[in-house]
Amino acid sequence: MTHLSEICGRRLASIILGTISLFAPMLIAQAVNAQESPQKPIEVKITARRFEFDPHTITLQVNRPARLIITSEDVTHGFAIDEFNISARIEAKQTKTIEFTPDHVGKFQIHCSVYCGDDHEGMLGQLVVEKAPDEIKDTFDESAPGVAFVESNGKKVRIDTSNRTVTEIAQEIPPPAAPSTPEKVEQRKPAVQEPYDYRLINVPTPKRVLRHSLNLYFTHRFAQPINPLDESARLLLGLDSFAVSSLGVFYGVTDKLYLSVSRSPLCQRGLCRTIEVGAGYHWLDEKGDSPIALSTYASVEGDENFTRNFTYNLQVMMARSVTKYVNLFFSPAVHFNANGQRRFDPRGNEFFPPTPLADAFRQDKHAASFGFGVNARIRPSISLLFEYTPRAGFKLGRVRTIFNSNFTQVIGFRTESEPEIGFGVQKDIGRHSFSLTFSNTQTTTTARYNSSNLVLPASKFIIGFNLYRRFLK
Ligand SMILES: [Cu+2]
C-alpha cells in the first residue's frame with residue numbers, strides 16, 4: 001500500500017514536472033517580459049510624407065509604453081491622435097520621438113495637424129491598441145480530483161493525473177471579449193475639400209468653409225480696359241489706373257454653416273462703400289449620394305457702410321465635376337431691391353435744364369442673375385477659370401440719354417448693359433490661392449458682381465486679381 005502510493009506519488013510528481021518543463025520557457029519568457037515592459041517600450045518607426053503615414057496602421061498594447069519614432073521625408077508634418085492628447089510637429093526631414101502609454105483599447109485616427117499641401121486633410125493613419133496577450137493561467141477542476149488545466153497564449157491543456165493523460169482542449173466557444181470591451185472605432189471623416197476655390201472670378205462656388213477656419217479674400221479690379229492696347233499700354237495694361245479693392249472675411253461656424261462680411265467701395269456713380277453681411281450653408285458634397293455639391297447663401301448689402309440702400313440676396317451655388325479635372329458651376333441668385341429707392345434711375349434735376357422726362361424713366365426694382373462657370377485644372381495647382389452671368393430684371397449699366405435729331409432736347413433714355421463675363425488663371429499655394437482675372441465688371445458684391453457701370457463688351461476686359469488666404473485651420 002505504502003509502496004503503491006509511493007509509486008503513484010512519484011508518477012504524479014514526474015507528470016507535473018514534465019508539464020512544467022513543457023511550459024517553463026513560456027513562463028520564463030512571460031516573466032521576463034512582464035519585468036521588462038515597464039522599462040522597455042514598444043518601438044515603432046513611422047515615416048510621414050505627403051500625404052500618408054507609413055505604415056498606415058500601428059498596433060500597440062494597452063498599458064504598455066510605446067515609443068514612436070517619426071521621420072518626415074519631405075515637408076513639415078504634424079502627428080496627432082486626439083484621444084491621447086498627442087500633437088507633435090515634425091519639421092521637414094527631421095525625426096521626432098513621442099513616448100506615451102495607451103491606457104485604453106480601441107482604434108483611433110492619426111491625422112496630420114500641420115498643413116502640408118492640397119491633400120493634407122486626407123493624410124490619415126490608424127492606431128490600434130490591443131489587449132496584452134494572455135498570461136499563463138492554471139486552474140484545478142474542483143469536481144475531478146487530480147485534474148488540472150493550464151492555459152497560455154490561447155492554448156488550453158488538460159492534465160489528468162489519474163490516467164496520466166495530457167490533452168489539448170479546443171477552446172470552448174470562446175466567450176468573446178468583444179462585448180465586454182466594445183472597441184470604439186473613432187473614424188472622423190475629414191471634411192471634403194473641393195478642387196476649386198470659393199469664387200471663380202466673381203461667381204461663388206459651393207466650396208465648403210471648414211469649421212473654425214477664418215478665411216480672408218481680397219479682390220482688386222483696375223479701371224482701364226486692356227483694349228485698345230495703344231491706350232492701356234501707357235497705363236501698364238491698366239495697372240496704373242484707378243483700381244477698386246474689396247476685402248472680405250468668412251468664418252466656418254461648423255463644417256456646414258459659415259458667416260461672411262465684406263466691403264466693396266464701388267457700386268455706381270463713384271463710391272458707395274457697400275458692406276455685405278451674409279450667411280451660407282453647405283448642404284451637399286458631390287461625393288456619396290449627391291450628384292452635385294450644393295450650398296446656399298443669403299446676404300444683405302447696405303451702402304454707406306451699411307446705413308442705407310439695402311439690397312437682399314438669395315443665392316444657390318451648385319457644382320458638378322465632369323472629369324477629374326473639370327468642374328461646372330451654376331449659381332443663380334435673386335437680388336431684391338437691387339434698384340430700390342430708384343437709386344440707379346436718372347433724376348430730372350440732374351440735367352441742365354432740368355428734364356422732367358428723366359423722372360418718368362424707371363428701371364426694374366429687382367434683379368436675378370444666372371452665373372455659369374467652369375474651372376479646369378491643368379496642373380496640380382493651376383486652374384483655368386471661365387464664367388458668364390446673364391441677368392434678368394434690373395441690369396446695372398449705364399443710362400444713356402437719347403436726344404432729338406439736332407441734339408437740343410432729351411427725348412428719352414435707355415439702359416446699356418452687358419452680361420458679366422470673366423476668365424482667369426488660378427494658382428494655389430498651400431492655404432493661399434491667387435487668381436489673375438480678366439472681366440468686364442469692377443464690382444464684386446453679390447448684387448453687383450454680375451453687372452457694372454463700366455458697360456464693357458467682351459473685347460474690353462479689365463485686369464484684376466483675387467486673393468484667398470485661410471487662417472486658423
Ligand atoms: Cu499635413
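The values are calculated or read from the model by the stated rules, or taken from the named source; none is laboratory data. From a predicted model like this one, the values you see are computed outputs, not experimental measurements. Methodologically, a virtual Cβ is constructed for each residue, glycine included, from the backbone with ideal geometry; neighbour enumeration extends over all protein chains shown.
Some points to look at:
- Every residue from region 322-342 that is within 30 Å of Thr307 (Cβ to Cβ) and not in a loop (DSSP other than H, G, I, E, B): Ser331, Pro332, Ala333, Val334, His335, Phe336, Gly340, Gln341, Arg342
- The residues of region 330-342 that are without any contact (Cβ under 8 Å) to a residue 40 or more places away in the chain and of a type outside the set (A, V, I, L, M), listed by number, are Pro332, Phe336, Asn337, Gly340, Gln341, Arg342.
- Of all residues in region 75-108, those being surrounded by 14 or more Cβ atoms within 10 Å (Cβ to Cβ) and within 16 Å of the ligand (Cβ to nearest atom) number 14.
- Taken over region 277-314, the residue count meeting the criterion of being of a type in the set (D, E, K, R) and farther than 17 Å from Lys256 by Cβ is 4.
- Residue that is modelled with the highest pLDDT [pool: residues in region 329-379 that are surrounded by fewer than 14 Cβ atoms within 10 Å (Cβ to Cβ) and among the polar types (S, T, N, Q)]: Gln341
- Single match in Glu91, Glu73, Glu43 (criterion: over 27 Å from the mean Cα position of the chain (by Cα), acidic (Asp, Glu) and modelled with pLDDT of 90 or more): Glu43
- Across region 439-473, the number of residues qualifying as under 12 Å from Asn202 (Cβ atoms) and of a type in the set (A, V, I, L, M, F, W, C) comes to 1.
- Strands (runs of 3 or more DSSP E) (entirely within region 395-473) containing at least 2 residues that are of a type outside the set (Phe, Trp, Tyr) and buried (at least 22 other Cβ atoms within 10 Å of the Cβ): 420-429, 432-439, 462-471
- Exclusive hit being under 27 Å from Thr401 (Cβ atoms) and either more than 24 Å from the chain's Cα centre (by Cα) or part of a loop (DSSP other than H, G, I, E, B) (or both), set Asn309, Asn313, Asn305: Asn309
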